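The values are calculated or read from the model by the stated rules, or taken from the named source; none is laboratory data. The model shown is predicted, which means the values in this text are computed figures rather than measured ones. Backbone-built Cβ (ideal geometry, glycine too); neighbour counts: all protein chains shown. Protein only, heavy atoms only, side chains kept; ligands, DNA and RNA dropped before computing areas. Shrake-Rupley method; radii C 1.70, N 1.55, O 1.52, S 1.80 Å.
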Amino acid sequence: MNDGQLRQRLSELRVPLATESARARAKHRALIALRPGDAPAPAVTDKSTLWKWIGVSAALCACVVVLIAMIHRPQAPTENLVGDRQFLRQIEMLFPGQVDAVVEQNGHVDLSIAQSSLVGSQQPVLMVFRKDSSSIRVLSFSGHRVCVLLGKEHRCFDVLATTNGGVILESDDNVWVTSHPVIVAGYSVQAQTLEASL
Amino acid sequence: METVLISKDVENRNDALAPDHACVIQAQAGDARAFEVLFDRYYDMIHAFAYRLCFLEAEADDIAQETFIRAARGIAGYRQTASFKNWLYRIAHNVAVDWRRRAVRHREGLTEFTAEVEARLETTESDYDEVHRALEDLSAELREAVVLVYFEGMNHRDAAEALGCAETTVSWRIFRAKRKLKKVLSSGKEGSS
């Protein structure tokens, strides 16, 4: 059973609607409990809105810069984790909730974008698969399922960040804790969360 | 007199369409109509959340009611750092935790509760579906995470905010819950076919 099938099965759960009497009773009691505020409501000023817009604009500019940097990046993978994290965040801003993974292989960058908004973690994770001179870098999020072509083998992993910054990869038949390099289909695999890189 | 208290913002936009932010500010000033708008907007959502946690209609009624009572009492101090929806979920989560604690503390109550669930199982066995049972077999923590992420459509960060735990914790709970659910639902499907 895959995630889609599980989601489908869960959607079968029936939930009874609240009765009108329960709703009316709850509303009545809640309104009785409502007290006029003794603290002033936080005001969202035009100034804060302006700063938000400045922030968004700056982020978009940074996105363009990082995209250009990614395109002109040398073939050999770098370990610029902060850059990776920012890059992933900026892609996420362009496709909110839809980024499944960013895969970089031999200098080419592929985006895996879901058709609909994904529900998942916002904890970014970097995986690097290496074999001889070739390497595949995958940027994704904890809780996502990532599929890569390792040589001729198509392998999928559930990626899960641990509390100490490590990563667990789970395939259909194995579980790896990547605090130490592991070998999958002849590729050495290293993975880490990007939260700790800032 | 009450309508005088309604802000032009809420009033002009037609109550049902006023954004949460505007309603919250008015409710914080004691505007009952604005709070009513929020109540109408979110009551069914919170009730469904409560039901998915306990699978008992009467308890879901109580949890939803207590959630809105606490929200009404606490709205003056709500600073809008989290979305109003997530804030409500957080309250509902706390109410549900209290409800579970009470059930455990009062053994008799727990027995009654269990008996009620069992009675429901017997009487509605035919339409008491497999998904229902699979969710009920999950621990409270796992079920809460599943309900927020799968049924309420939250991402892990929002769910963590609602549950008052780390995002990693939610990811772990979802991971563990998925494994259990897939195992149970897959075997059930094979068994039934």
Might you let me know whether the range B:161-170 holds any residue that is more than 19 Å from the chain's Cα centre (by Cα), in a helix (DSSP H, G or I) and within 9 Å of chain A (Cβ to nearest Cβ)? yes
Residue in the range B:17-38 that is nearest to the chain's Cα centre (by Cα), counting only those that are of a type outside the set (A, V, I, L, M, F, W, C) and at the interface with another protein chain (Cβ under 9 Å from one of its Cβ atoms): B:36
Can you tell me which residue in the range B:39-53 is farthest from residue B:84 (Cα to Cα), limited to those that are buried (at least 23 other Cβ atoms within 10 Å of the Cβ) and more than 7 Å from every other protein chain (Cβ to nearest Cβ)? B:53
Please return the ranges of helices (runs of 4 or more DSSP H) entirely within the range A:1-104 where 2 or more residues are at pLDDT below 75. A:46-71
So residue B:96 fits all but one of (1) open to solvent by less than 50 Å² (accessible area, probe 1.4 Å); (2) at pLDDT 90 or above; (3) closer than 27 Å to residue A:123 by Cα; what number is the exception? (3)
Quick one: in the range B:173-188, of everything that is of a type outside the set (S, T, N, Q) and more than 7 Å from chain A (Cβ to nearest Cβ), which residue is least open to solvent (accessible area, probe 1.4 Å)? B:177
Note on the range B:54-68: residues of a type in the set (Gly, Ala, Ser) and either over 8 Å from the mean Cα position of the chain (by Cα) or more than 9 Å from chain A (Cβ to nearest Cβ) (or both) are B:58, B:60
